[in-house]
1. Counting only heavy atoms of protein chains, what accessible area per residue, in Å², does segment 339-388 have with a probe of 1.4 Å?
2. For Lys98, list the lysines whose Cα falls under 26 Å from its own Cα; do not include residues on the same chain fewer than 8 positions away.
3. How large is the charge dipole for segment 66-105, taken about the Cα centre, if only the Cβ atoms of Lys, Arg (+1) and Asp, Glu (-1) carry charge, to the nearest 20 debye?
4. Can you give me the distance in nm between label points at Asn427 and Thr153, each placed 7 Å from the Cα along the Cα-to-Cβ direction?
5. Give the distance, in whole Å, between the Cα centre of segment 89-150 and the Cα centre of segment 40-60.
6. What Kirkwood hydrodynamic radius, in Å, does segment 335-421 give when the mean of 1/r is taken over all pairs of distinct Cα atoms and then inverted?
7. Non-local amide H neighbours of Glu212 (under 5 Å, H modeled in plane, Pro and chain starts lacking H): which ones?
8. Run the accessible area of segment 75-183 with a 1.4 Å probe and give the carbon-and-sulfur part as a rounded percent.
Amino acid sequence: MSPNLIYFILYTKIRCISIQNVLKCYGVKNDCETKGEFDINIKPVLAVDIGASGGRAILCSIKDNKFILDDIHRFTNEPVLANGLLYWNFPSLFEDIKLGIRKAAEIVDFESLGIDTWGVDFAMVSHSGEIIEGPVSYRDGRTGGVPDELHKTVGSAEFYIRTGNQQMAINTVYQLAALRKVRPDLFALLDYNVLMMPDLFNYALTGKAAAELSIASTTQLLNPQLRDWDYELMDLLGYPRAWFPPIVNPGSVLGGLRPELCSEISVSRDIKVINTCGHDTACAAAAAPFEERSLFLSSGTWMLIGAMLDEPVLTAESAAAELSNEVGFGGKIRYLKNITGTWLLQQSAEELRLSFQEMEKLAKEATTCLNYIDPDAREFQSPGEMLAKIGAAIGNNELKTVLRCIYDSLAMKVRYSAAQIEKNTGNVFININMVGGGTQSALLCQTIADITQRTVYAGPVEATAMGNAIVQFIANGYISSIAEAREMVRNSVKITVYKPAISASAADTAYISFLKSTNLGR
């Protein structure tokens, strides 16, 4: 394998755009036991979870029917501006992955490792191992206007019937179209692999290319009914079929670490690399300890709210509601809506140089806000001057009011999305299982319970890493099923329960105001 894959050079001297890590802002509180003794009959696994703000390598073991997590290494994920594009710093991230593996191996002889990341982003890698293009961040503006152009070739309605994805400009299918504008020469060549971020890291570790199912389902190029690539769609768009490696299911073994890599970081060649659920939301859903009639809400930089279904919903009404059909462990459909999440708080924390706890305290001083924002509005998707942009949108620059607006507006968008999911599935959901870093905000959890008039079960914080590990434990034969794993999650963490603290009529009045403020009630 060419060393260019690992040492692909970005112009790191150019000013980076720093994004605060959600858990770091909250003090990196882990809700599981840590540094516990290892059960000698169950070898631990290493879960590498990389989000759009930061990453972590976490050893996960099982003892007394409980998961025990041990933080090994945490690191930031900071995009780099180079040649006018915003790139993910692959070399830096891969160095941190290697460091996490080495640190874990110094502690215990773990059996396997798995990597999960955010969705949609990719790199083009030659068969000799060189990164030819990317990985460019979804927050780069290169896809502006691209969806409308691409829909002249394949209509929006046909796109949804084929892929079932919420049609967001950041999706892989549109990023590829943006790439074709500047590098049309690439599209006549076949000796490349399009590798999504977790698949890219796995390739660097093993030298083997594969496309894990859950992360592939974020591309808008996968048929959710077949759980396979939509090759006919690729043909219509002019994307070479040969670029896309075969789909593999989560829980499949990719292979062992490359021998030269083992020598470099002084670890055993026996460590397996498992295709865990490559998409972090699929991992989080795998660890969510579902209550009866529950939606799940994965709360990080993005908030994703959804339901677990057996088959996709591909109706015109579902398309109009911009709901996605993504695939999770066991082929289950994660029918969900992407909502801008703690990104707004991260940007505010960076601007104010305050912790999340400090901002939450300020927000509580404002009892309510009279105007709201749509967190997904375009003006709030780019970094910088977030407080001023929100203040201008609501006509009030008072800090505590602006901060309160963020919490309230996020809860309103959760209610809005939950209603869409209920309408399109015909189901009624009375609870929300909330997982991830956002569960550490009592204000956010309580506001969601109040506005949605649903009971919120908050936890685990480290659901993504735990779900990553669960898939590995199932693959390694230590856990028999997701149902067994979820019962173990309940034994392992404290689930905090938030019940609505305001009346239904008060919640309805505030929600109507939200719909009017954002024009979402049209």
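1. 47 Å²
2. Here the lysines satisfying the reach criterion relative to Lys98 are Lys13, Lys24, Lys29, Lys35, Lys43, Lys208, Lys272.
3. Details: 5 positive and 5 negative charges, 35 e Å.
About 160 debye.
4. In this crude spin-label approximation the distance works out to 3.6 nm.
5. Distance between centres, Cα-based: 16 Å.
6. Its Kirkwood hydrodynamic radius stands at 13.1 Å.
7. Here Val248 satisfy the definition.
8. Answer for segment 75-183 is 50 percent, counting heavy atoms of protein chains only.
The values are calculated or read from the model by the stated rules, or taken from the named source; none is laboratory data. Predicted, not measured: the structure shown is a model, and the values here were computed from it. Glycine gets a Cβ as well: all are built from the backbone with ideal geometry, and neighbour counts include every protein chain shown. The area values use the complete protein model at the heavy-atom level, side chains included, leaving out ligands, DNA and RNA. Shrake-Rupley method; radii C 1.70, N 1.55, O 1.52, S 1.80 Å.
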